[in-house]
Amino acid sequence: MLPWWKHSKGNGPVLFYIVGVHLLAVMGLILFPLPNWRVLAVALAVTSIGGIGTSVCYHRCLAHRSLRLNRVVENILIFFTIFNASGEPMSWVANHRQHHSKADTAEDVSSPRHGGFWWAHIRWVYQWSGSEVGRWCPDLDKRRYRVWRRVQIPIVALSVCAGFALGWQAFFWIGAIRLVYALHFQMFVNSLLHMTPGLPEGVDSSRNIWWLGPLQLGAWGENWHRNHHSDANAARFGRRWWQIDIGWYVIEVLKMIGLASDVKTTRNKFSADARGARASEVAALSAHMLKDAE
């Protein structure tokens, strides 16, 4: 209900960051529209590691407890996730768990059904009051996670400025342009992947979009969002051989070398469950349409 340019209490720095990093990115694209291959390679590599951190560490490990990561690996991935400006783990997990618990209702953190595309895509980040850590993720309310909240701003500041060590071109491409890219292609999970039209209240709107995957780099696999919502506690999001899931491949490698354990696989009858869930949605939609016709 707020105008787009207003932030909720305590979210002023978030709005300042979003506006500032976009202005820097536009400036960088004007001054250096095409980076050299070394700068581009570094930018893509850092974006990919941060994407793996979001997908494997924050999403599958911490939010859904689909696996357990070696402590060193977990901390490395948390650092690069914050370096991608994806937030510190406690707030991220609290928001995500509330999203799943209240999906597609007015209490959903980022529902496009109740707030529209731009709310789901970016506005909720600085206008949502924030999900309560004590309610949604008391298991993460520990010193080893709280410390990341304290160092989040210095890490993001470092992320914006670190490329300057390699020159102005790198300053913009490894900094602001990379951060804007990572922001939007991860936010499409909240917006675009929850915009199945015509569904009545209470019916899950999540969907899979194949072409979004390659653009998410290290977070490739998050685009199989319907699969995830159908079996939220599974560590694997891809269900068919052609559904590429980078996060799952990373988990398999980490498991093989002893750095990941307690990996939860998909339900044995996932295909039948997914078909049944979709059939239920179709039935609910049909009933809704009949009621409107009457």
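Are any of the residues in the range 39-60 surrounded by fewer than 20 Cβ atoms within 10 Å (Cβ to Cβ), farther than 24 Å from Ile257 by Cβ and free of Cβ contacts under 8 Å to residues at least 60 places away in the same chain? Checked the range 39-60: at least one residue is surrounded by fewer than 20 Cβ atoms within 10 Å (Cβ to Cβ), farther than 24 Å from Ile257 by Cβ and free of Cβ contacts under 8 Å to residues at least 60 places away in the same chain.
Regarding Leu77, is this residue in contact (Cβ under 8 Å) with a residue 12 or more places away in the chain, touching a strand residue (DSSP E or B) at 6+ places or on another chain (Cβ under 6 Å) and buried (at least 20 other Cβ atoms within 10 Å of the Cβ)? In short, no.
Yes/no per residue for (1) modelled with pLDDT under 95; (2) farther than 17 Å from Gly51 by Cα:
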{"residue": "Val151", "(1), (2)": "no, yes"}
{"residue": "Pro154", "(1), (2)": "no, yes"}
{"residue": "Ala182", "(1), (2)": "no, no"}
{"residue": "Phe185", "(1), (2)": "no, no"}
{"residue": "Pro197", "(1), (2)": "yes, yes"}
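The set of residues in the range 17-38 being loosely packed, with under 13 Cβ neighbours inside 10 Å, closer than 29 Å to Gly247 by Cβ and not basic (Lys, Arg) consists of Trp37 alone. Considering only residues that are small (Gly, Ala, Ser) and under 14 Å from Phe79 (Cα atoms), which ones fall in the range 153-169? Hits for the range 153-169 are Ala157, Ser159.
Do you know which of the residues in the range 173-206 that are hydroxyl-bearing (Ser, Thr, Tyr) and in contact (Cβ under 8 Å) with a residue 40 or more places away in the chain is nearest to Ser86 (Cα to Cα)?
Narrowing the range 173-206 to residues hydroxyl-bearing (Ser, Thr, Tyr): 181, 191, 196, 205-206.
Add one more test, that the residue is in contact (Cβ under 8 Å) with a residue 40 or more places away in the chain, and what stays is 181, 191, 205-206.
Values: Tyr181: 12, Ser191: 16, Ser205: 24, Ser206: 21 Å.
Top of the filtered list is Tyr181.
A single entry from Ser110, Ser131 fulfils the requirement of being in contact with a helix residue (DSSP H, G or I) (Cβ under 7 Å, 6 or more places away or on another chain), under 24 Å from Gly213 (Cα atoms) and hydroxyl-bearing (Ser, Thr, Tyr): Ser110. Looking at the range 179-201, which of the residues that are among the hydroxyl-bearing types (Ser, Thr, Tyr) and in a loop (DSSP other than H, G, I, E, B) is surrounded by the most Cβ atoms within 10 Å (Cβ to Cβ)? Out of the qualifying residues, it is Ser191.
Within the range 5-98, which helices (runs of 4 or more DSSP H) (wholly inside it) include 1 or more residues that are touching a Lys or Arg at 6+ places or on another chain (Cβ under 7 Å) and either modelled with pLDDT of 95 or more or under 21 Å from Trp148 (Cβ atoms) (or both)? It would help to see each step written out before you state the result.
Details: elements: 12-31, 37-52, 71-83.
Answer list for the range 5-98: 37-52.
Scan the range 161-178 for residues that are assigned to a helix (DSSP H, G or I) and surrounded by fewer than 21 Cβ atoms within 10 Å (Cβ to Cβ) and the total you get is 7. Any residue that is free of Cβ contacts under 8 Å to residues at least 40 places away in the same chain and within 29 Å of Val250 (Cα to Cα) - is there at least one of those in the range 8-26? No, the conditions are met nowhere in the range 8-26. Quick check on the range 138-151. Is at least one of its residues in a helix (DSSP H, G or I), touching a strand residue (DSSP E or B) at 6+ places or on another chain (Cβ under 8 Å) and surrounded by 15 or more Cβ atoms within 10 Å (Cβ to Cβ)? No, the range 138-151 contains no residue that is in a helix (DSSP H, G or I), touching a strand residue (DSSP E or B) at 6+ places or on another chain (Cβ under 8 Å) and surrounded by 15 or more Cβ atoms within 10 Å (Cβ to Cβ). Against the test of being without any contact (Cβ under 8 Å) to a residue 60 or more places away in the chain and over 17 Å from the mean Cα position of the chain (by Cα), the options Arg113, Arg143, Arg149 yield a single qualifying residue, Arg143.
Scanning for something surrounded by 14 or more Cβ atoms within 10 Å (Cβ to Cβ), free of Cβ contacts under 8 Å to residues at least 60 places away in the same chain, among the aromatic types (Phe, Trp, Tyr) and under 15 Å from Ala94 (Cβ atoms), does the range 125-134 turn up at least one residue? Step through it out loud before you land on a result.
The initial filter retains those residues of the range 125-134 that are surrounded by 14 or more Cβ atoms within 10 Å (Cβ to Cβ), namely 125-128, 130-131, 133.
With free of Cβ contacts under 8 Å to residues at least 60 places away in the same chain added as a condition, the list becomes 131, 133.
Imposing the further condition that a residue be among the aromatic types (Phe, Trp, Tyr) reduces the set to none.
For the range 125-134, residues surrounded by 14 or more Cβ atoms within 10 Å (Cβ to Cβ), free of Cβ contacts under 8 Å to residues at least 60 places away in the same chain, among the aromatic types (Phe, Trp, Tyr) and under 15 Å from Ala94 (Cβ atoms): absent.
The values are calculated or read from the model by the stated rules, or taken from the named source; none is laboratory data. Every value quoted in this text rests on a predicted model; they were computed, and no experiment measured them. Every residue, glycine among them, receives a Cβ derived from its backbone with ideal geometry; neighbour counts consider all protein chains shown.
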